[in-house]
Amino acid sequence: MQGGAGALGRMRAAWEHARRRWWVRWGVDLVVLAVVVAAVAAWQARRLPGAGTPAPDFTLRTLSGETVSLESLRGKPVVLAFWAPWCGVCGMESSNISQLRSLAGGSAHVVSVAVAYDDEEAVRRFVTKHEVDYPVLLGDDGVQSAFRVDTFPTVFFLSPEGRIQRAVVGYTTLAGLSWRLVL
């Protein structure tokens, strides 16, 4: 019994010595933060359609009156961002979506779906205020329900074949969006 207590004491002393180094403290803190962020992200996305499932098909109208179907976007990866015009976080993320579209160029489709709005004018005000330069589709309760979106923003990453690869809920940085697009 004595040998176990001595070993435990030496381990505790070694840990205390290591914690005095700034890089160890920061490293431990960053690992804990990463675990917490990953756990929260997984919890937020728990109700969304799972990876590998076919994305629900839709045909929606754009603000300019054209129609776009999910089927027409096949052949390239698709970033599908759901947002609401009253959502402040969506406004903060809109420039990241715009920059992602520029970075992706012709290698992926980056489109958004406006849902949970009172009227089309609210969507237009959001687009103007946030200088949205990516396609905006006018969603409805049906498409919102089919994708099980109940928190904004929610971004889906679809394969060129139209299968859901991953989804993220809440504000996502440009780096986070880019990383998820290339995985």
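Read-outs: derived from the displayed coordinates by stated rules, not from any lab. Predicted model, so just to flag it, every value in this text is computed and none were measured. Glycine gets a Cβ as well: all are built from the backbone with ideal geometry, and neighbour counts include every protein chain shown.
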- Message: Using only DSSP helix segments of four residues or longer, with each worth -39500 (n - 2.57), what per-residue ellipticity at 222 nm results for the chain after dividing by its residue count and rounding to 500?
- Response: -14500 deg cm²/dmol
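If you add up the charges near Arg125, with Lys and Arg at +1 and Asp and Glu at -1, over every other residue whose beta carbon is less than 14 angstrom from its beta carbon, what do you get? Intermediate values should be presented prior to the final figure.
Values: positive: Arg124, Lys129; negative: Asp118, Asp119, Glu120, Glu121, Glu131.
So the surrounding residues net to -3.
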- Comparing Ser98, Ser145, Ser159, which has the greatest mean-square fluctuation in the GNM of the chain with Cα pairs linked when under 10 Å apart? Ser145
- Taking N as the residue count of the range 1-155, its alpha carbon Rg divided by 2.2 N^0.38 Å gives 1.54
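Of the peptides 72-83, 101-112, how do they stack up when ordered by the mean number of other Cβ atoms within 10 Å, highest first? Could the numbers behind the result be given before it?
Numbers: 72-83: 19.4, 101-112: 16.6.
The most tightly packed comes first, giving 72-83, 101-112.
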